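*Asks:* Submitted below is the structure of interest, expressed as C-alpha cells.
The values are calculated or read from the model by the stated rules, or taken from the named source; none is laboratory data. Remember, it's a predicted structure, so these values are computed and weren't measured experimentally. Here the Cβ is made from the backbone with ideal geometry for all residues, glycine too, and neighbour counts use every protein chain on show. Remember, those area values only see protein heavy atoms, side chains included, never the ligands or the DNA or RNA. Shrake-Rupley method; radii C 1.70, N 1.55, O 1.52, S 1.80 Å.
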Amino acid sequence: MKSMISLNCKSNLLLKSLNVFSKRSYNTLDAWSNIPEHIKVKQGRRLFLQNGHPLCSLRELLQQQFKEKPINIVAKESPAVSTITNFDSLGIPKTHVSRSKSDTYYVNKDTCLRTHTSAHQLEEFQNLAESKMSKKGFLITADVYRRDEVDASHYPIFHQMEGAYLWDRNDKGSMLRDLESVKLDNNLQKLVIDEATLENHDDLQEVYSSKETELASIHLKNSLTLTIHNLVLMTPDSGLDKSQVRYRWTYDSFPFTQPSFQLEILWKGAWLEILGCGVVRENILTHAGIQNHVGWAFGIGLERLAMILYGIPDIRLFWTTDDRFRQQFTPNNITTFQPYSKYPLCYKDISFWIDESFTANDFFEIIRDVCKDLVESVDLIDQYTTKAGKTSLCYRVNYRSMEKSLKNEDVDLLQDNLRKAMASSLNIQLR
Ligand code: FA5
Ligand code: MG
C-alpha cells in the first residue's frame, strides 16, 4: 500500500507539471512545429459535443451501452499534450514511426496534438487508483489528430472513444460472473469471425496466467461485439442490411496492450477497421498506482462506426456546415443519411521525381492545405525507378465537392496551386 501511494504521488506530480508545461509551451514554436491552417480552423469545433451531430449522438449511445458499469465518463478538452503523455506514458519506443514529424502534428518538439485517446490512459488509471478502485474503468472521448492518407475513411482530425475495464485478481469469481453477462447468442456468434484466438499466441504477458489473459480477451471481444451489434440493431432496416453485417477479429500490435486485437466490420463489400484493443500491459497499471489487477482497453474510431450506422459515405461530411447534412439528424437517434446530391468527380494526375526525403504524408498534407475538403481521394497510380536510381511517382488526385458541382476552371486552378505549393515546399521535381 505504501509503495502504491508513493508511486501514485510521483506520477501525479509528473502529470501536473506536464499539463502546465504543455499550456505554457503552446505558443513556443520551433523546428518541429507543423500544424497547418486547415487543422487550426477546425480545432475547437468539438463535433462530439454538438447536440444532434451524429458523432455526438454516437458518443451518447455508446455511453448508454456502458451505463451499468462502474466507470468514469470523461470528455477531454485541449488536444495539445506533451510527447511524454502521448508516447512515453504508453511505452511507445523513441524510434516508433508514429513519433515522426510526417505522422504527427507538433506544436513544438515537446508538445503534440494527441494522436489517440490512449494518451489519457495513465491519467485515468491514476484517477481509479486515487478513488481506491471505487470505479473499475473509464470511457474517454476526444478529438485526435494524425497526418494520414486522403480517402473516404481517413481524416486528419477524427474522434476516438477509449474504454478500459479492470478486475481485482484476488476476486477470482468476478471475471467469470462478468463473462456470463456478455455471452453471444447463436445468431450473433454466426456473424463473428475470430481469427485472433489465443491458441497460437506464444507471446503473452508473463505476469498473468494464460487463463486470466484468455478470460480478459474473451470478455473484451464479446463486450465490444455486443455493444456494436446493439447499435447496429438500432439502425433502420432501409439503411443497413443487418443480415449482411459481419464482424472480424484479427491480431494487432500496440506497445501498451498484449495481446492486441482489431475489429473490422464488413461494409459495402469491404472490411473497415473500426477499433484497436487489447489486454492492458501490467506495467502501465502499476505505474498508475494500481496493483494486482488485470483488464482490457480499447479505442474506437467514432467516424468509422458512424459511417456504418448512419450510412455516411464520406468522412468529410462530418465537417460540412451545409444545413442539408445537420438538419437530417435528431439527437441520440440513428437514421440513414439521405444524400442531397452526388456531384461529378474530376481527376487530375500529377507526376514528379522524388529523393529519399519524400514521404507521402507530406504530399497529402499539402493537398489538404491547398484544396481543403475538395479532394475525395488520392491514389498512387504509377511508380518506377530508372537504371540511374531516380524514382518517379504518379498520383491521381480525385476532386469532388460534397456541396456543389466543381467547374473545370476551379479544378484547374486548384491543381495549379497544388503544383506550385509542392514545388516550393517539397524536395521534388515536377514532371
Ligand atoms: C489506436 O489509436 C489505439 N490507441 C487503440 C487502442 C486503445 C489500442 C487502447 C489498445 C488499447 P489505431 O491507430 O488502430 O489504434 O486507431 C483506432 C481507430 O481509429 C481505427 O481503428 C480507426 O477506426 C480510427 N482511425 C485511425 N486513423 C484514422 C483516420 N485518419 N481517420 C479516421 N479514423 C481513423
Ligand atoms: Mg489500427
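*Asks:* Consider the range 233-251. How many of its residues are farther than 15 Å from GLU264 by Cα and assigned to a loop (DSSP other than H, G, I, E, B)?
*Replies:* 7
*Asks:* I need a count of the residues in the range 25-62 that are of a type outside the set (Val, Ile, Thr), assigned to a helix (DSSP H, G or I) and open to solvent by less than 30 Å² (accessible area, probe 1.4 Å).
*Replies:* Residues that pass the stated criteria total 12.
*Asks:* Next question, about the same structure. Determine, yes or no, whether HIS219 is more than 13 Å from ligand 1 (Cβ to nearest atom), modelled with pLDDT of 95 or more and touching an Asp or Glu at 6+ places or on another chain (Cβ under 9 Å).
*Replies:* Yes; evaluated as a whole, the condition is true for this residue.
*Asks:* On to the next question. It is to be established whether one or more residues within the range 245-261 are away from ligand 2 (no atom under 16 Å from the Cβ), open to solvent by less than 50 Å² (accessible area, probe 1.4 Å) and in contact with a helix residue (DSSP H, G or I) (Cβ under 8 Å, 6 or more places away or on another chain). Even if it seems obvious, please write down each step before you answer.
*Replies:* Step one: list which residues in the range 245-261 are away from ligand 2 (no atom under 16 Å from the Cβ), which gives 245-246.
Remaining after also requiring open to solvent by less than 50 Å² (accessible area, probe 1.4 Å): 245.
Checking the rest, the ones that are also in contact with a helix residue (DSSP H, G or I) (Cβ under 8 Å, 6 or more places away or on another chain) come to 245.
Taking every residue of the range 245-261 in turn, at least one turns out to be away from ligand 2 (no atom under 16 Å from the Cβ), open to solvent by less than 50 Å² (accessible area, probe 1.4 Å) and in contact with a helix residue (DSSP H, G or I) (Cβ under 8 Å, 6 or more places away or on another chain).
*Asks:* Right, another one. Could you check how many residues of the range 379-428 are among the charged types (D, E, K, R) and not in a helix (DSSP H, G or I)? I'd like the intermediate steps shown before the answer.
*Replies:* Of the range 379-428, the ones among the charged types (D, E, K, R) are 379, 382, 387, 390, 396, 400, 403-404, 407, 409-410, 412, 416, 419-420.
Remaining after also requiring not in a helix (DSSP H, G or I): 379, 382, 387, 390, 396, 400, 403-404, 407.
Number of matching residues: 9.
For (1) out of contact with any Asp or Glu (no Cβ under 7 Å at 6 or more places or on another chain); (2) more than 19 Å from VAL150 (Cα to Cα); (3) of a type in the set (Val, Ile, Thr), each residue gets a yes or a no:
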{"residue": "ILE284", "(1), (2), (3)": "yes, yes, yes"}
{"residue": "GLN291", "(1), (2), (3)": "yes, yes, no"}
{"residue": "ILE312", "(1), (2), (3)": "yes, no, yes"}
{"residue": "ARG326", "(1), (2), (3)": "yes, yes, no"}
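*Asks:* Also: So which of TYR165, TYR155 ends up being of a type in the set (Phe, Trp, Tyr), at pLDDT 95 or above and over 22 Å from GLN63 (Cβ atoms)? Don't jump to the end; show me each part of the working.
*Replies:* Numbers: TYR165 fails: over 22 Å from GLN63 (Cβ atoms).
Going through TYR165, TYR155 in turn, the sole match is TYR155.
*Asks:* Please find, within the range 273-318, the residue that is nearest to ligand 2 (Cβ to nearest atom) out of those that are surrounded by fewer than 18 Cβ atoms within 10 Å (Cβ to Cβ) and within 23 Å of ARG59 (Cα to Cα).
*Replies:* Within the range 273-318, the match that is nearest to ligand 2 (Cβ to nearest atom) is GLU273.
*Asks:* Looking at ASP103 and the list (1) crowded, with 21+ Cβ neighbours inside 10 Å; (2) within 12 Å of ligand 1 (Cβ to nearest atom), which single condition is not satisfied?
*Replies:* Result: ASP103 fails condition (1) only.
*Asks:* Name every residue in the range 57-72 that is more than 22 Å from PHE318 (Cβ to Cβ) and in contact (Cβ under 8 Å) with a residue 24 or more places away in the chain, in order of residue number.
*Replies:* PHE66, LYS69, PRO70, ILE71, ASN72
*Asks:* Consider THR320 carefully, then state whether it is over 26 Å from PHE138 (Cβ atoms) and more than 19 Å from the chain's Cα centre (by Cα). It would help to see each step written out before you state the result.
*Replies:* Values: over 26 Å from PHE138 (Cβ atoms): yes; more than 19 Å from the chain's Cα centre (by Cα): yes.
Answer is yes for this residue.
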